[in-house]
Structures are given as structure tokens and as C-alpha cells.
Amino acid sequence: MRNQLCVCGSQRWFSRCCEPFLKGAKSAPTPEKLVRSRYSAYALGGHGEYLLKTWFAPMAKGLSAEDLSQLHQQWLGLVVLGSGVSGNDGWVEFKASYRDNNDVVEMHEKSVFTRFANSWFYIGGEVAHINTAK
Ligand SMILES: [Zn+2]
């Protein structure tokens, strides 16, 4: 993945974007960067541990790193529409699209986050799935 553009759509090198977070070298400093790195974890597959680690634990009951590491969908792209931070609360609104057989499904989510011990954690979000085109 050296000298590859990051799959999160930031137009930055993977090694300088989401990779340090996925590798655990540092934790995402903002909710937006956490969303990007979690999207990259889903899009690349094999990063279930990271997804679990960045999930607010009470909300992640019943999830397993093995299952989260599976590539359930072919992810096509991420667009961050907005984000904000107020104290230890954060939110990010984004669209992510994936291929489902011959359809392209666009997922529109507004996620909320909490900061604890200088790390951001994903709590959950309101999701709408819009089936766009064949
Ligand atoms: Zn990235």
C-alpha cells in the first residue's frame, strides 16, 4: 500500500492518512479522521480489531473482530459532508456508497462520537440507505 492514495477519498497518501491509525501507531485526533479510518477499515477488510477498538464498548456488544474483518460489501467511496466537536462530543455526517450486486447503494449517516482518554470512539448513527442506480 506504499504510495497509494488512501481509499477514504482524502486525496492523501495512505501511509500519511489512515494507515497510522489502522496500525495503532496513533489514534485519530478528530471524529472526521476516525470516520475516514473506520471507512478505510471496512473498505480494505482485515481490520476488525481496529473497528472494535474504536467502537464505544457498550454499543459494540455482540460484535466480533472476525466478523468486522470480513469484506461484506465492495465499498466505492466516502464523502464527508460535515463534522463538529463540542467538548468531548463529536458528530460527522457522511455518505458512503457500496456495490450490492448490480446496484449502487448510498448510505447517508450522521454518526455521534465521544472522546475518552484523548481518543475518539464511535457511538452510533442514524442511517438511511438509498438505492441509487443499476
Ligand atoms: Zn484515509
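The values are calculated or read from the model by the stated rules, or taken from the named source; none is laboratory data. Since we're looking at a predicted model, the values are computed, not measured. Virtual Cβ from ideal backbone geometry, glycine too; neighbours counted across all protein chains shown. Note: accessible area is taken over every heavy atom of the protein model, side chains too, but ligands, DNA and RNA are not part of it. Shrake-Rupley method; radii C 1.70, N 1.55, O 1.52, S 1.80 Å.
Pick from 105, 35, 92: which is most flexible by mean-square fluctuation in a GNM of the chain where alpha carbon atoms under 10 Å apart are linked?
105
Applying 1/(1 + (r/R0)^6) with R0 = 25 Å to the Cβ-Cβ distance of residue 102 and residue 56, what FRET efficiency is obtained, to the nearest 0.05?
On the way: r = 35 Å, r/R0 = 1.42.
For residue 102 and residue 56, the calculated efficiency is 0.10.
Whole-Hz Karplus ³J(HN,Hα) for the stretch 5-13, in order, using 6.51 cos²θ - 1.76 cosθ + 1.60 and θ = phi - 60°, x for Gly and Pro?
5, 5, 5, 6, x, 6, 6, 10, 5
On a straight-distance basis, which aspartates and glutamates could pair with residue 61 in a cross-link, Cα separation under 16 angstrom, same-chain partners fewer than 8 positions away excluded?
49
Could you give the length gained on full extension between residue 130 and residue 85, defined as 0.36 nm per residue of separation minus the Cα-Cα distance, in nm?
Values: separation 45, 0.36 × 45 = 16.20 nm, distance 2.72 nm.
Contour length minus Cα-Cα distance gives 13.5 nm.
Not counting ligands, DNA or RNA, and with a 1.4 Å probe, what is residue 132's accessible surface area in Å² rounded to the nearest 10?
Accessible surface of residue 132 is approximately 80 Å².
Among all the aspartates and glutamates, which ones have a C-alpha under 17 Å from residue 95's C-alpha, if same-chain residues fewer than 8 places away are not counted?
The reachable aspartates and glutamates, counting only those whose Cα sits under 17 Å from residue 95, are 32, 103, 106, 109, 126.
Report the percentage of all Cα-Cα pairs in the chain whose separation exceeds 25 Å, rounded to a whole percent.
Details: 1842 of 8911 pairs.
Across the chain, Cα pairs with separations above 25 Å total 21 percent.
For residue 25 and residue 5, compute 0.36 nm times the residue count separating them, minus their Cα-Cα distance, and round to one decimal in nm.
Values: separation 20, 0.36 × 20 = 7.20 nm, distance 1.89 nm.
Computed gain between residue 25 and residue 5 is 5.3 nm.
Suppose a student asked you for the relative contact order of the chain, using Cα pairs under 8 Å spaced at least 6 residues apart; what percent would you report?
Details: 268 pairs, mean separation 25.5, N = 134.
The normalised contact order for the chain reaches 19 percent.
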